[in-house]
Structures are given as structure tokens and as C-alpha cells.
Amino acid sequence: MKPIIKTSRRDFIRTGSLGAGALVLGSALSSLALANPAKRLGIALVGLGGYSGGQLAPALQHTQNCYLAGIVTGTPAKAETWSKKYNIPQKNIYNYQNFDSIAHNPDIDIVYVVLPVSMHKEFTIRAANAGKHVICEKPMALNAADCREMVAACKQANKLLSIGYRLHFEPHTQEVMRLGQKQVFGKITKVDTANGFTYNGDPNAWRLKKALAGGGGLMDMGIYAIQGARYTLGQEPVAVKATQEKTRPDFFKEVDETVFWELKFPGGAKVTGKSSYNHDWGYLRATAEKGSFELEPAYGYGGLDGKVNGKPMQIHNIIQQAAQMDDFATCVTLNKTSRVPGEEGVKDMKVVDAIYRSLESGKWEKI
Ligand code: NAD
């Protein structure tokens, strides 16, 4: 998507992310839906937690190629609130048990899995088998082997699968991809990137349970930093060495707190990364032979910012999720592979798996 309207950081803050983003999206997205509004595709959100309620449902009020048509929840009270708030008819509301009967509902074209990580595989496969195209949130699954099964199941069912990698639709990120992959300032020699936040929430939350989350800060936040390095270089890493630090072992009993890694890429760039549930991090810094560029914040959805050779990027912020879901709806309509297909999730999870192996072995591990 090309930037259409430049919005300054001050405008962005004044209008809020939805206001400014809506302005941009309104004129920038595919003309598909505008040409035929009746063709907007129906999305059903599975799991009505923080991300669905705080980001995806609001973003779906600004999409042009898709709309919030249905919900899947285990909590009847949530079904009622959402139904009223978003005008969702009773026939488009499912629970986890009767979910498979969504197969007979022509209102739902796309199922968006927004559940704890351990449930991603099951619901992605059930959705594809019910004849629906699927968006699955990050991290794609507990490990790369599960991710591959998800890709295979969607292929078998002849359904498109995409991962909720919203940043691929975000203009600052797209600029970093262009500068890095096209080697605008020559070969990239160094990438340093970090993502994390200080976790002080419910000690019983699924994010702290290994069986439900797969891991801690690495799975949840580190996945962005791993991907940041991959899309800056436009290459796949071949090996990794990792270490970790735990300052609150009582809180992070089952999952990692802070993880540090170094990745080996074929081009020889020095690539370091870190993830944390105990530090507020969110940057990506790239050094090339003849210049440098950086993002900070680099991975959130509250507005990114960046510099190229020390000067502000001056790129507008958008509603990332609206752009992401609209793009997938267009892919479904045109039967075209998403730019963030399941295979992209497999690539990141292969790196995550190797980082956990390296934490165990204390050695470089092949990816
Ligand atoms: P959340 O805890 O707020 O919501 C999880 C939902 O799953 C809740 O509605 C909960 O009721 C439901 N659920 C069903 N079975 C459950 C079980 N056994 N245990 C716990 N909850 C259960 O989580 P969230 O922040 O909305 O995250 C959901 C997914 O979205 C995760 O994969 C997360 O990584 C992803 N996410 C992505 C982004 C992004 O920017 N792309 C941001 C936040 C979250």
C-alpha cells in the first residue's frame, strides 16, 4: 500500500490512531469494495480477549473489504455484549464446541484466530476444514512442526492462511524493508533490535503458562524482533546463539523472562536481538556501508517513528490491523497468496525453536 496522505506525528497524536488512520485508509485501500460494497467479506473473530476487543473489532469499523460478521466465544455474557455493540446477529455467534457448524454459514468467509497460542493450531485447522479462509495471530503455534501442520491443512482444504503480521502493511516498516532489502545505503553490516514490556499482570494468565503460551517474552515479543531482522535484510538466518536472564523467577516460573541472541545470516551482517517481559523495549537499528536507519517504536500499533541517517522519516501512521485485514480480504477475493502467509510464521518459529535449543545447549544451533 502506498502512503497517500502525510500525517505529522502531532496530527497523529491529536486525532488518535483511528482518526488519522481512517483518513489514510479511506483513500488508500483497494478499490475493490468501493466498486462493489455488497462484496465485503465477513470475518468471525475467535476469542474475544484484549486484542480482539481493543484492536481488531475497532479496526473492523474502518475496513472497506471486510466487516465483523461473527464471533466465537466461550463466554455467553461476552456474546451478548458484542452482539449489541457490533450488531452481530444470533445466527453468527458460536462457541468453541459448535464452532464447526460455521461451515454452513455463508456470512462468514474468514475466521480470525485470536486465542492463546496453544489453541492456534486446533482452531486454524478446524476453520479450514469448515471451508473458511484463516488469519491466525502470532506466534503462529507452539513450534515450527505445528506451524507446518497448519500450512498443510489449509493447503489440503484449499483455503488461504495468513498470520496476523500487521507490520507488513505499516508504512515505516515498509520503508525499512525497502532501505534494507534494496540496499539503498549499500550492504547492511549490522542490525540490533529489541522488543519487550514489563509484565506486571495476572500471575495466573495464560501468557505465563508454558503449555498455553509455548514460552514467554521470546514467543510473544521476540518474534517481532526476529522478524524485524529478517525483513531488514531480506534473508533467512542460518544459525543462532542465545542466553537468558531471569530476575523474577517466582513470577516467570514456567516461561522465559529476558532472552538475548545473535543470528548468523548468509550476508555476514552482525545481527543481535533481545526480548523481554521485564524491560520496555521496542527498537530496530540498522547500519549499512553508507548510511543507517532505525525505528523506535518499531513494533507496536500505537504509532511507529523512525529516522534515516539521523533525520526523521516523516511517514504517517495508519490503522495497521484494518490495512492487514483489508489486504487479506482482497487476497481471498482474488485467490492470491497473502504477503504474510503461513509459511512466514513457520520461518519465525524455526528461529524461535533454535533459540530455545541454544538456551538448552549453550551453543550455536542451526536453524
Ligand atoms: P487475551 O488473554 O486478552 O485473550 C485471549 C482470549 O482467549 C480470551 O477471550 C479468553 O477468554 C480466550 N480463551 C479461550 N480459551 C482460553 C484458555 N484456555 N485460557 C485462556 N484464555 C482462553 O489475549 P490477547 O492479548 O487477546 O492475545 C490473543 C492472541 O493475540 C495471542 O496469540 C497474542 O499473541 C495475539 N496478539 C497479537 C497482537 C498483535 O499486535 N498482533 C497483540 C496482542 C495479542
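Laboratory data are not the source of any read-out in this text; all were calculated from the coordinates shown. Because the structure is predicted, anything quoted here is derived from the model rather than measured. Note that each Cβ is placed from the backbone with ideal geometry, even for glycine, and that neighbours are counted across all protein chains shown.
Based on Cα contacts under 8 Å between residues 6+ apart, the chain shows a relative contact order of 21 percent.
Note on Lys366/Ser101: beta-carbon distance plugged into 1/(1 + (r/R0)^6) with R0 of 41 Å gives a FRET efficiency of 0.40. Simple spin-label estimate for Glu122 and Val238 gives 4.0 nm between the two label positions (7 Å along the Cα-to-Cβ direction from each Cα). Compute a Gaussian network model of the chain, connecting alpha carbons closer than 10 Å, and tell me which residue from Lys311, Lys78, Lys155 fluctuates the most. Result: Lys311 has the largest fluctuation of those listed.
Quick one: which of Lys121/Lys182; Lys138/Lys290; Lys159/Lys190; Lys155/Lys350 span more than 30 angstrom between C-alpha atoms?
From Lys121/Lys182; Lys138/Lys290; Lys159/Lys190; Lys155/Lys350, over 30 Å: Lys121/Lys182; Lys138/Lys290; Lys159/Lys190.
Taking region 333-367 and a reference point 7 angstrom along Cα→Cβ of Lys246, the backbone N atoms nearer than 18 Å belong to 355-363.
Estimated purely from DSSP H runs of n ≥ 4, each contributing -39500 (n - 2.57), the mean residue ellipticity at 222 nm for the chain is -10000 deg cm²/dmol once divided by its residues. Taking every Cα-Cα distance in region 36-107 and sorting them into 5 Å bins starting at zero, the pair-distance distribution P(r) comes out as 3, 16, 30, 26, 17, 7, 1, 0 percent. A straight Cα-to-Cα reach below 18 Å connects Lys187 with the aspartates and glutamates Glu175, Glu236, Glu289, Glu294, residues fewer than 8 places away in its own chain not being considered. Spatial offset of region 167-222 relative to region 233-247 amounts to 12 Å, using the alpha carbon center of each. Shape analysis of region 144-263 yields a ratio of the Cα radius of gyration to the Kirkwood radius, Rg/Rh, of 1.02.
Highest-first packing order for the peptide set 302-309, 60-67, 109-116 is 109-116, 60-67, 302-309, based on the mean count of other beta carbon atoms within 10 Å. In the chain, Rg over Rh equals 0.96, where Rg is the alpha-carbon radius of gyration and Rh the Kirkwood radius from pairwise Cα distances. Annotation: the antiparallel percentage among DSSP beta bridges lying fully within the chain is about 55. Annotation: peptides 312-323, 240-251, ranked by per-residue average of other Cβ atoms within 10 Å with the highest first, follow the order 312-323, 240-251. Using the alpha-carbon positions of region 274-337, Rg (one decimal) and Dmax (whole number) come out as 15.7, 43 Å. Label-to-label distance, Gln156 versus Asn129, with points set 7 angstrom from Cα along the beta-carbon direction: 0.8 nm. Restriction of the chymotrypsin sites (Phe, Trp or Tyr not before Pro) in region 261-305 to DSSP coil positions whose beta-carbon has at most 15 other beta-carbons within 10 angstrom yields no sites. Here region 288-321 and region 103-144 have alpha carbon centers that stand 31 Å from each other. Here's the picture: a label point sits 7 Å out from the Cα of Arg357 along the beta-carbon direction, and within region 212-248 the residues with their amide nitrogen under 14 Å of it are 237-242. What residues of region 172-202 lie in the reach of a label at Lys290, counting those whose backbone N is under 20 Å from a point 7 Å from the Cα along Cα→Cβ? Under 20 Å, as judged by backbone N against the label point of Lys290, lie 175-191 of region 172-202.
Karplus-based coupling profile of region 81-97, in residue order and whole Hz: 4, 5, 4, 5, 5, 10, 6, 9, x, 3, 5, 9, 10, 10, 10, 5, 7, with θ = phi - 60° in 6.51 cos²θ - 1.76 cosθ + 1.60 and x standing for Gly or Pro.
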